[in-house]
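Let me begin by presenting the structure, written as structure tokens, before commenting on it.
All of the numbers you see were taken from the coordinates with simple rules; none came from a lab. What you are looking at is a predicted structure, and each value in this text was computed from that prediction instead of being measured. Neighbour counts are summed over all protein chains in view; Cβ atoms, including those assigned to glycine, are modelled from backbone coordinates with ideal geometry.
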Amino acid sequence: MTNVGERIPTLADLGDVGGKRVLVRTDFNVPMEDGVITDDFRIRAALPTINWLTERGASVVAASHLGRPKGKPDAKYSMDPVRARLVELAPGVDLMENLRFDPGEEGNDPAFVARLVVGIDAYVDDAFGASHRAHASIVGPPRTLPSAMGLLLEKEVDVLLGLRDKPAHPFVAVLGGSKISDKLGVVEALLRVVDSLVIGGAMCFTFLAAEGYGIGDSLWEPDQVGTCRRLLDESKASGKTIHLPEDLVGVDAAGNYATFGRSLPDGAKGFDIGPGTAAAFSDVIMDARTVFWNGPMGMFEDPRFEAGTRTVAQAMADTKAFTVVGGGDSAAALAQFRLDDEVDHVSTGGGASLELLELGDLPGLEALRHAPNAK
Ligand code: ADP
Ligand code: MG
């Protein structure tokens with residue numbers, strides 16, 4: 001456990017929970033289609049904490065948000081399907097209605113917090129995926145109640161702060177996906193701790209443009225070219241390598257599948273890294289001792305453009321390095337290739353894992369550190 005982690009109360013710091021009513025903030029924001037849960041991973045991930053509490057005689061009431069109901073009740077985002085699955089897995093556990101049915105949740109309204117903690121004796125945050133938000137259910141209860149991080153949150157903090165503070169070198173970060181400007185902050189923070197950075201996905205085009213290559217009509221963010229240029233210069237000055245694609249796969253101006261070198265002609269779109277790049281990225285991953293991967297290497301949802309992501313995922317499975325994957329779509333890609341059991345840690349939080357890596361802290365952790373029972 002890291003220094004920051006040590007000051008956060010854990011379940012044992014709640015003392016005797018027998019006969020107590022404990023509010024557990026979980027991340028039950030599960031994927032649903034037509035009212036049916038398509039993956040209950042997030043519900044199962046909360047069971048160790050729930051069982052820890054109930055085995056010691058506590059009664060548990062769980063609370064979560066689901067989707068984006070915009071501060072008012074919306075049957076589409078009802079917790080009923082989640083509650084039905086939860087009672088199958090953990091009989092006797094209560095589940096509140098969707099926290100975001102009340103504007104007080106996202107608004108961090110003290111009156112909403114007061115209603116949440118009525119009849120509650122202790123609070124546990126096990127919602128890593130929501131702990132980067134200063135919402136009522138995350139930062140409110142620890143102001144007044146004995147509080148702790150749950151086992152899932154503790155594992156996430158341990159792994160991700162471990163990457164930040166004491167990674168085995170070489171430490172490589174592999175970044176891709178489509179949320180470019182969202183992720184440039186973490187690129188900057190990672191450059192301080194990694195030995196090299198591997199960039200694919202739509203993220204690569206703003207960097208390639210900054211290097212002067214043609215990117216056709218690929219996804220990019222023109223206003224971030226300056227930032228990418230500066231990051232490329234800084235990495236050179238500090239002796240770190242930023243690996244960019246040397247070949248690309250996508251469609252030509254007529255919309256037909258095509259392979260390209262590093263430069264794309266006008267009208268072409270890059271949707272995946274090419275086979276030469278995928279092999280080069282794999283070599284970097286195989287030679288590393290720590291790898292953090294966030295963001296698919298291409299539009300892997302389309303079988304024509306999944307090869308780069310599949311090759312990188314396979315290298316993550318094969319390398320002897322300690323491997324961590326963050327990001328909803330990256331985790332989905334791993335699961336699609338049935339490699340999710342082959343990496344050391346798949347984070348349950350996308351934005352939260354990046355923010356913890358970037359800043360070394362989260363609003364939810366900060367709140368727990370100031371709880372009445374914190375040492
Ligand atoms: P994560 O959820 O793992 O953090 P993001 O949400 O940032 O990842 O990005 C995932 C999305 O990026 C996927 O839907 C994928 O199709 C898309 N993507 C990856 N590469 C490209 C590309 N070259 N062009 C367009 N979209 C891409
Ligand atoms: Mg995503």
**Helical mean residue ellipticity (222 nm; -39500 (n - 2.57) per DSSP H run of 4+; nearest 500) of the chain** = -10500 deg cm²/dmol
**Item:** Relative contact order of region 134-241, defined on C-alpha pairs under 8 angstrom at six or more residues apart (%)
**Value:** 23
**Fill in**
Listed by chain and number, the aspartates and glutamates with an alpha carbon less than 12 angstrom from that of Lys70, same-chain partners under 8 positions apart left out, are Asp102, Glu105, Glu106
**Request:** Rank Pro363, Pro31, Pro245 by mean-square fluctuation in a GNM of the chain with C-alpha springs under 10 angstrom and give only the top-ranked residue.
**Result:** Pro31
**Fill in**
Of all DSSP beta bridges having both residues in the chain, the percent classed as antiparallel (nearest 5) is 20
**Prompt:** Which angle between 0 and 90 degrees, to the nearest 10, do you get for helix 225-237 versus the longest principal axis of the chain when only C-alpha atoms count?
**Reply:** 80
**Complete:** In the neighbourhood of Ala268 defined by beta carbon distances under 11 Å, the net charge of the other residues (Lys, Arg +1; Asp, Glu -1) is -2
**Request:** Would you mind ranking Thr10, Thr323 by Cβ crowding within 10 Å, fewest neighbours first?
**Result:** Thr10, Thr323
**Asked** Plugging the Kirkwood radius over Cα pairs into Stokes-Einstein for the chain, at a temperature of 37 °C and a viscosity of 0.692 mPa s, what D comes out in µm²/s?
**Response** 151
**Message:** Between helix 80-89 and the chain, what is the angle of the helix's C-alpha long axis to the longest principal axis, kept within 0 to 90° and rounded to the nearest 10?
**Reply:** 80
**Prompt:** Hey, which lysines would be in cross-link range of Lys155, C-alpha to C-alpha under 19 Å, not counting anything within fewer than 8 residues on its own chain?
**Reply:** Lys166
**Request:** Report, in degrees rounded to the nearest 10, the 0 to 90 angle that the Cα long axis of helix 180-193 makes with the longest principal axis of the chain.
**Result:** 90
